[in-house]
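What follows is a single structure, written as structure tokens, with notes after it.
The values are calculated or read from the model by the stated rules, or taken from the named source; none is laboratory data. Quick caveat, the model's predicted, so the values are computed rather than measured. No Cβ is skipped: glycine too gets one built from the backbone with ideal geometry, and neighbour counts run over all protein chains shown. Note: accessible area is taken over every heavy atom of the protein model, side chains too, but ligands, DNA and RNA are not part of it. Shrake-Rupley method; radii C 1.70, N 1.55, O 1.52, S 1.80 Å.
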Amino acid sequence: MALKERDEFSGQVTTGHEWNGIKELNTPVPRLLWVFLSTMGLFAIGWTIMMPSWPGVSGYFRGLLGADQHEAVQQSLVEAEAERSIWSERLASEDLATLAADQSIMTAVRQTGPALFGDNCAGCHGYSATGNAGYPNIAEAPMMWGGDADTIAETIRIGINANHPETRYGQMLAFGRDQMLGSAEISALADYLVSMQGEKFLTPEENAAAQTLFADNCAGCHGEDARGMVETGAPNLTDAHWTYGDDRATIRQSIYNGRQGTMPAWEGRLSTAQIRLLALYVMDLRGDIP
Ligand code: HEC
Ligand code: HEC
């Protein structure tokens, strides 16, 4: 280690660097530490005087400003709750048609609906409610159980094939597995449904035979015209909306093994106001609320 060199004129220690005979003195920056510390100290003292600070025996010093974040949060919670309870009370009790016509209610529905639907329903029906394989499109498809607000609210409340004493039962029978129809008959029916989509051509004889099979086995639930019946929850088989799939193989599967989709019952898990809010939200997604 080199010895510290002193500048002969000022007596200061040099840094040891030298540029063309000029040496640099090792002069530290001025000592601002004390200024810094005392500023902090002053600020801290000021803060403890103005703001809630020192603990005491029965509480704490509340500060000259009386600022209290806890109270502020409490206050805004109380205000939000009061506001919400006004419309959640109305949502729980008033006629759904009246509510649908009320702009302030529909604003609340549009603000609250996406999060409520996202948390509880999107997992099966998708965020935009357009469905997934096995889960119906409830934003666009005709409702199997009926599409007015009260019926939708009821479907959400009691579910379908769910664990609720009043639940709706939608039972597409397993015609193949339970040996009610043979393989050829199931194929004829699958061809018949595919032909209604315009994707297969049946001879008049094939069509007539399939129509008879349909009338004998399927019309009781799906209707003579195959357009579905809300009484049985059986869907329209002539349109473009399919819960399980519209290709021949999937249709054959539906007829062979049956289908019993489960829609959970939400009574007890969501409040009445939330269930009715979701009914309005779904109606709104469907474009059924002006
Ligand atoms: C675990 C999956 C699942 C979740 C979660 C779920 N659903 Fe469903 N939902 C279904 C299935 C499956 C059906 C179709 C049942 C059937 O008819 O076979 C259905 C049917 C429906 C129907 C009736 C459709 C019709 O055509 O009549 C509505 C309305 C509905 N769901 C709304 C909701 C709402 C609102 C939520 C959230 C609170 C929700 N669902 C959550 C699975 C789910
Ligand atoms: C007891 C009533 C009932 C009978 C009888 C019945 N269905 Fe169904 N069917 C339903 C219900 C309810 C559903 C909806 C099941 C679901 O969504 O989980 C359904 C669904 C279907 C589907 C699936 C539709 C889709 O969206 O993917 C097809 C295909 C179908 N039925 C064809 C038939 C044919 C063909 C027959 C006659 C052989 C028949 N059904 C007889 C009640 C019935």
Sparsely packed GluC sites (Glu not before Pro) within the range 201-290, loop by DSSP, other Cβ within 10 Å at most 11
GLU231
Of SER88, ASN20, ALA139, which is farthest towards the positive pole of the chain's charge dipole, taken about the Cα centre with +1 and -1 on the beta-carbons of Lys, Arg and Asp, Glu respectively?
ASN20
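Over the chain, calculate the relative contact order: mean separation of alpha carbon pairs under 8 Å at least 6 apart, over the residue count, as a percent. Can you show the working numbers first?
Details: 349 pairs, mean separation 60.4, N = 290.
21 percent.
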Can you classify the range 102-153 as rounded, prolate or oblate using the Cα gyration tensor, where a ≥ b ≥ c are the square roots of its eigenvalues, rounded means a/c under 1.5, and otherwise it's prolate if a/b beats b/c and oblate if not?
oblate
Calculate the spin-label point distance for ARG177 paired with ALA97, positioning each point 7 Å from the Cα along the beta-carbon direction, and give it in nanometres.
4.2
Which net charge results for the neighbourhood of GLN74, defined as the other residues with beta-carbon distances under 13 angstrom from its beta-carbon, given Lys and Arg at +1 and Asp and Glu at -1?
-4
Rounded Å value of the spacing that divides the Cα centres of the range 16-66 and the range 110-134
54
Where the only charges are on Cβ atoms (+1 Lys, Arg; -1 Asp, Glu), what is the dipole of the chain about its Cα centre, to the nearest 20 debye?
1160
Hz values of 3J(HN,Hα) by residue in the range 139-153 - Karplus curve (6.51, -1.76, 1.60), Gly and Pro given as x:
8, 10, 5, x, 6, 4, 9, x, x, 7, 4, 5, 5, 4, 4
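Shape verdict for the range 1-136, please, from the Cα gyration tensor: rounded (a/c under 1.5), prolate (a/b greater than b/c) or oblate.
Working: a/c = 5.45, a/b = 2.26, b/c = 2.41.
Oblate shape, in that a/c is at least 1.5 and b/c is the bigger or equal ratio.
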Taking all protein chains together and a probe of 1.4 Å, list VAL109, VAL29 from the most accessible to the least accessible.
VAL29, VAL109
For the range 183-257: rounded, prolate or oblate by the Cα gyration tensor [a/c cutoff 1.5]:
rounded
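Any idea what the dipole of the range 183-257 comes to, in debye rounded to 20, about its Cα centre with Lys/Arg Cβ at +1 and Asp/Glu Cβ at -1? Don't jump to the answer; show the numbers that get you there.
Numbers: 4 positive and 12 negative charges, 36 e Å.
Around 180 debye, computed over the range 183-257.
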Along the charge dipole of the chain, which of GLN103, PHE61, THR262 sits closest to the positive end, that is, farthest toward it, with unit charges on the beta carbon of Lys, Arg, Asp and Glu (+1, +1, -1, -1)?
PHE61
Give me the angle, in degrees from 0 to 90, between the Cα long axis of helix 33-50 and the longest principal axis of the Cα atoms of the chain, rounded to the nearest 10.
50
What FRET efficiency do you get for GLU224 and GLU140 if R0 is 25 Å and r is their Cβ-Cβ distance, rounded to the nearest 0.05?
0.50
For the range 1-110, the dipole about the Cα centre with charges only on Cβ (Lys and Arg +1, Asp and Glu -1), to the nearest 20 debye, works out at 560
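In deg cm²/dmol and to the nearest 500, what is the mean residue ellipticity at 222 nm of the chain if only DSSP H runs of at least 4 residues count, each as -39500 (n - 2.57), divided by the residue total? Before the final figure, lay out each step's value.
Details: 11 runs with 136 residues, N = 290.
So the helix-based figure for the chain works out to -14500 deg cm²/dmol.
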Using a probe of 1.4 angstrom, how much of the accessible area of the chain is carbon and sulfur, in percent?
57
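Counting other Cβ atoms within 10 Å, which chymotrypsin sites (Phe, Trp or Tyr not before Pro) in the range 117-150 have at most 16 and lie in a DSSP loop? Can you show the working numbers first?
On the way: sites: PHE117, TYR127, TRP145; in loops: TYR127, TRP145.
Sparse-neighbourhood loop chymotrypsin sites (Phe, Trp or Tyr not before Pro): TYR127.
Out of the trypsin sites (Lys or Arg not before Pro) in the range 102-190, which ones are loop residues according to DSSP with at most 13 other C-beta atoms within 10 Å? Kindly include the intermediate steps, with their values, before the conclusion.
On the way: sites: ARG110, ARG157, ARG168, ARG177; in loops: ARG177.
Within the range 102-190, the qualifying trypsin sites (Lys or Arg not before Pro) (loop, at most 13 other Cβ atoms within 10 Å) are ARG177.
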